[in-house]
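The structure appears below as structure tokens.
Laboratory data are not the source of any read-out in this text; all were calculated from the coordinates shown. A quick note: this is a predicted structure, and the numbers were derived from the prediction, not measured. When we count neighbours, we look across all protein chains shown, and the Cβ atoms used for this are built from the backbone with ideal geometry, even at glycine.
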Amino acid sequence: MSEKKRCVVVGYGGMGGWHTRHILEAGAVELLGIYDIKKERCQLAEENGIHAYASFEEVLSDPRVDFVTIATPNEWHKPLAIAALRAGKHVIAEKPVTLTVADLKEIIAVSKETGYLFTAHQNRRWDCDYRMIRTAYHSGKLGKITSIESRDQGSRGIPGDWRGKKEHGGGMIYDWGVHLIDQMLGIVDDKRIEKVYCRCDHITNDEVDDGFKLDLYFEDGITARIEVGTTNFIALPRFYITGVDGSGVVSDWRDECRLVLCRSWEDKDVAPVVTAAGFTKTMAPRDEKTTYEEIIPRPEVDVHDFYRNFAAAIDGKETQIVTHAQLIRSLSIMEAAFRSDELGAPVSIEDAPTCDRVM
Ligand code: NAD
């Protein structure tokens, strides 16, 4: 068995704390310590029994360090990643990997030049809600898929830290959009995107988006709606998918996926619904004579596989789960979303290659 890979977490805030705990749980990685620009965070780490390096340079010059995980505010990912790769360390950057495709390509070029691995922490690929909708999409039970909707809606506003500031890469497209876009691409796999249309909200923050509605138009007539809100006191379902022969819903993070499937298109008689305007049969819900239900149960997932995979990828035994092509593709969509919001019109994507998914 190969030795555990040794890691330092850079940035010991909310997510840096998460990484230090989960690195230990993953088993495949050893935590050497952390570095944070703030003295008080380093002090806290020491109180928690974690070694705090005195500077980033000290991290990079420690020959025991195999890789760093960068969990700083977003604008720091690029300079820290490039410095670490050049110092001979593999790198995991938190999401969003960078703020622009051009920045991402610069890091990828350095990764290729130096031969050290670079990836981003797209940990929501292990979320059950996403996995179940992916299963529904690929099951064939829904017939030809026509639309997929993915929503995260809270009511606590945009977080009051650096996420509210443009200079740090704040806003909800960078914060949550990046996860939901990555998941949507994971559902539809290699479908080509024809157009992107996005409208950003500025309900509680003028500087950056505090929510957005993003429509992706894929080939084969599949449309995807991705919506993030921070002033939604009633949330719409987490996922909704529909095809010609059925629909699926995941109402909430904690739920299973419920499918309602059509027994036969021809047999569609229903009891009419009476509204103030009169009867409607067209919009009346089908009953159990013409439809049936199935449940896709919540799968067993282990988010620690991210670190196990990265450790194996360093040894050349596995391919990294989050690939450069995938990162370029989702960041291209985010750039197109910003462009579309500015123009108030749909835009096409110039740089969103299709790419196969590992999962
Ligand atoms: P945070 O503000 O809680 O922590 C950031 C820490 O980085 C702070 O302690 C700060 O002092 C430190 N820092 C700032 N600049 C630094 C530098 N140049 N060098 C070293 N340390 C520096 O922020 P957070 O919520 O932990 O977010 C950090 C990153 O993690 C962001 O990129 C964010 O998008 C990402 N994140 C990812 C997830 C996820 O689920 N994958 C969840 C939350 C946050």
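Provide the gained length on full extension for the span SER139 to SER61, in nm with one decimal, where the gain is 0.36 nm per separating residue minus the Cα-Cα distance.
23.1 nm
If exposed GluC sites (Glu not before Pro) are those in a DSSP loop with at most 10 other Cβ within 10 Å, what is the longest stretch of the chain that has none?
After excluding every exposed loop site, the longest remaining stretch is 4-265.
According to the Cα gyration tensor, what semi-axes, each the square root of 5 times an eigenvalue, does the equivalent ellipsoid of the range 200-358 have, listed from largest to smallest in whole Å?
36, 25, 17
Can you classify the chain as rounded, prolate or oblate using the Cα gyration tensor, where a ≥ b ≥ c are the square roots of its eigenvalues, rounded means a/c under 1.5, and otherwise it's prolate if a/b beats b/c and oblate if not?
In terms of gyration-tensor shape, prolate.
What full-extension length gain, to one decimal in nm, is calculated for LYS39 and THR280 as 0.36 nm per residue of separation minus the Cα-Cα distance?
Using 0.36 nm per residue and subtracting the Cα-Cα distance, I get 80.1 nm.
Measure out, as a whole number of angstrom, how far apart the alpha-carbon centroids of the range 221-297 and the range 1-71 sit.
Centre-to-centre distance over Cα atoms comes out at 46 Å.
Using only helices, what value at 222 nm comes out for the chain when you add -39,500 (n - 2.57) per DSSP H run of length 4 or more and divide by the total residues, to the nearest 500 deg cm²/dmol?
So the calculated ellipticity at 222 nm is -9000 deg cm²/dmol.
Quick check: pseudo-label points 7 Å beyond the Cα along Cα→Cβ at THR223 and ASP302, how many nm apart are they?
4.2
What pairs from LYS141/LYS317; LYS38/LYS105; LYS38/LYS166; LYS144/LYS289 go past 24 Å between their alpha carbons?
Pairs exceeding 24 Å: LYS141/LYS317; LYS38/LYS105.
At a Förster radius of 35 Å, what calculated FRET efficiency corresponds to the Cβ-Cβ distance of GLU293 and LEU343, to the nearest 0.05?
0.25
Taking 22 Å as R0, compute the FRET efficiency from the Cβ-Cβ separation of TRP265 and ASP190 and round it to 0.05.
The computed FRET efficiency comes out at 0.15.
Quick check: residue separation of ALA102 and THR146 times 0.36 nm, minus the Cα distance between them. What number comes out in nm?
12.6 nm
Suppose R0 equals 30 Å. What FRET efficiency, 1/(1 + (r/R0)^6) with r the Cβ-Cβ distance, do GLU207 and ASN232 give to the nearest 0.05?
Efficiency at R0 = 30 Å is approximately 0.90.
Nearest 10 degrees is fine. How inclined is helix 305-314 to the longest principal axis of the chain, computing both from alpha carbons?
50
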